[in-house]
Amino acid sequence: MSRFGLAVLALVVGQSLFLAAMVWDRVALLRSDNVVTLRTAPVDPRDIFRGDYVILNYDIARIRIAEVEGDDDFRYDDDILVELTPDGDVWKAAAIWASPHEPQPGNRIIRGRVNSFIGQSRPTSEPGAEAVPCPNCGTVGIDYGIESYFVPEGEGRELEHQRNEGRLTVDVALDDDGTPAIKQLRIDGEPVYEEPLF
């Protein structure tokens, strides 16, 4: 075989191994026993369905810093680690961290990225005046990379309706570093869609 033929063969084998590694990582994540269930939150009805996927919003997508432990100095596009704790059948935010942190026993870490941050207080235009009340101040908005889910054609509207009624929850598999992947969707606790391994 010529050098060119060997180079092409090596390239094909290398690409195949790379793709196999990507598939294996995804399969390993979805088979993980490290799973949390997240409650979904309603989405603005003017932007709830595009094509054949459902937009998912989570209670943990906006976290008031004063209500959780951890760090409070975040900027747009920062990595963020959210410590989750069990709360009945779902998990809720207990702490937020800017760098790797060992969670409390029984808690889990989910990794995200800051998409918005509203500071602790809102200044006023008058010198010496007290700060204007700001119920959303001190809130961090977070994307987890699990904000949409593809469904069979024609089934999205009903799923959106269930989501907006608060009946939809999502089982999320977590990698060792907190990277999330949607494992399955549930309505009233019953599985309705499961992510295929391949």
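Bear in mind these aren't lab numbers, they're just calculated from the coordinates by the rules spelled out. Just so we're clear, the structure is a prediction, and the values are computed from it rather than from any experiment. Positions of Cβ are generated from backbone atoms using ideal geometry, with glycine treated the same way; all protein chains shown enter the neighbour counts.
Of note:
- With 0.36 nm allotted per residue and the present C-alpha distance subtracted, the D73-E155 stretch has 25.4 nm of extension available.
- FRET efficiency, E102 to L197 (Cβ-Cβ, R0 22 Å, nearest 0.05): 0.15
- Summary of packing: across the peptides 98-108, 164-174, 10-20, the per-residue average of other C-beta atoms within 10 Å ranks them, highest first, as 164-174, 98-108, 10-20.
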